[in-house]
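K.L.:
Below is the structure I would like to discuss, written out as structure tokens.
Each value in this text was obtained by applying a stated rule to the coordinates, not by laboratory testing. Here the structure is a predicted model, which is why all the values come from computation and not from measurement. No Cβ is skipped: glycine too gets one built from the backbone with ideal geometry, and neighbour counts run over all protein chains shown.
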Amino acid sequence: MPVRAEHDRAVLAELLGRDPVLHAYQLGDLDDFFWPYTSWFRRGDEVVLLYHGVELPTLLAFAPPERAGDLAALLAEAAPVLPARLWAHLSPGLAATVSRWYAVSDAAAHHRMALTDPARLAAVAPAGEPLGRADLPELRELYAAAYPGNWFDPRMLDTGRYVGVREGGRLVAVAGVHVWSPTWRVAALGNVTTHPDVRGRGLAGAAVAAVCAGLRATVDHVTLNVQADNTPAVRLYERLGFTRVADFTECALRRLP
């Protein structure tokens, strides 16, 4: 069964929708907002996404353990036509598959978490105000101080799903989304941070609560990615009602000579 490019959104939605939490980011990228920046590879029921909307193309390849072998076969066939350099999000074991063609570096274990206990989130008072393009300079300044090297793209502000907390007129905390799709009823939180000067006061949690309150009517699944060794962030999300549902590796790939 050869790998092929897939261009039918309905087909992709049906395949990815079988596990909307694991595939939340890919489902979100089916929306018109992201779709022009995507390339999809399919082999049978397995799908991988190559996202071009960031400086370094990003490969998303997820499967539950019982289907990891099928996804590995897809990657083995697709690898020769992938870019020479890319970033990757890979289910456990798949880094070894792509290492036949790529040098793997900067690997870090991550958790996919999902909101499974909304009652915990409801106990947190939301705070913050909507952010838009006019707030971009302040937001860049905050990320430079608190979260350098993040995955923020100014286009994400156009979703209308970014919330910022100000103190004394200064932006000190923010929460937003990487993807948000009312069509596919999924959202992925992202770019959450607090300025180092005011950490430990629950401001990020309050901003996350505000974002989630705004998402409630439009999605069924709220997910996020967090680096496994970022213990304060993991504990924050657990307090807010998120639980770990899958593990994966983020890494850089550079084609071997």
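K.L.:
Please report, in debye to the nearest 20, how large the charge dipole of the chain is about its Cα centre when each Lys and Arg carries +1 at its beta carbon and each Asp and Glu carries -1 there. The partial results should precede the final answer.
P.N.:
Values: 25 positive and 28 negative charges, 61 e Å.
Computed about the Cα centre, the dipole is about 300 debye.
K.L.:
Using Cα pairs closer than 8 Å and at least 6 residues apart in sequence, work out the relative contact order for segment 117-240, in percent. Working shown, then result.
P.N.:
Numbers: 198 pairs, mean separation 35.5, N = 124.
Computed value for segment 117-240: 29 percent relative contact order.
K.L.:
Here's a follow-up. Using the Kirkwood radius over Cα pairs, work out the Stokes-Einstein diffusion coefficient for the chain at 10 °C and 1.306 mPa s, in µm²/s as a whole number.
P.N.:
84
K.L.:
Subtracting the Cα-Cα distance from 0.36 nm times the residue separation, let me have the gained length for Glu77 to Tyr37 in nm, one decimal.
P.N.:
Once the chain is fully extended between Glu77 and Tyr37, it gains 12.2 nm.
K.L.:
For every other residue with a beta carbon closer than 10 angstrom to the beta carbon of Phe33, add +1 if it is Lys or Arg and -1 if Asp or Glu, then tell me the sum.
P.N.:
Values: positive: Arg155; negative: Asp29, Asp31, Asp32, Asp158.
With Lys, Arg at +1 and Asp, Glu at -1, the net is -3.
K.L.:
Additional query: Please give the peptides 120-131, 81-92 ranked by average Cβ packing (other Cβ atoms within 10 Å per residue), highest first, as a rough proxy for protection.
P.N.:
Packing order, densest peptide first, comes out as 81-92, 120-131.
K.L.:
For the chain, with a Gaussian network of springs between Cα atoms less than 10 Å apart, report the residue from Trp180, Trp35, Trp151 with the top mean-square fluctuation.
P.N.:
Sorting by GNM fluctuation, first place goes to Trp151.
K.L.:
Additional query: Take every Cα pair under 8 Å in the chain that's 6+ residues apart, average their separations, divide by the length, and report that relative contact order as a whole percent.
P.N.:
Rounded, it is 26 percent for the chain.
K.L.:
So, in nm, how far is label Ser99 from label Thr218 when the simple model puts each one 7 Å beyond its Cα toward the Cβ?
P.N.:
For the pair Ser99/Thr218, the computed spacing is 4.1 nm.
K.L.:
I would also like to ask the following. At 0.36 nm per residue, and after removing the present C-alpha to C-alpha distance, how many nm does the segment from Ala119 to Arg239 gain when stretched out fully?
P.N.:
42.2 nm
K.L.:
Ok, one more. Would you calculate the volume per residue, in Å³, of the smallest convex hull containing every Cα atom of segment 100-166? Mind dumping the intermediate values first?
P.N.:
Working: hull volume 11.7 nm³, N = 67.
Cα-based convex hull of segment 100-166, divided per residue, equals 174 Å³.
K.L.:
If I model a spin label as a point 7 Å beyond the Cα along the Cα-Cβ vector, how far apart are those points for Glu55 and Ala228 in nm?
P.N.:
With each label point 7 Å from Cα toward Cβ, the separation is 2.7 nm.
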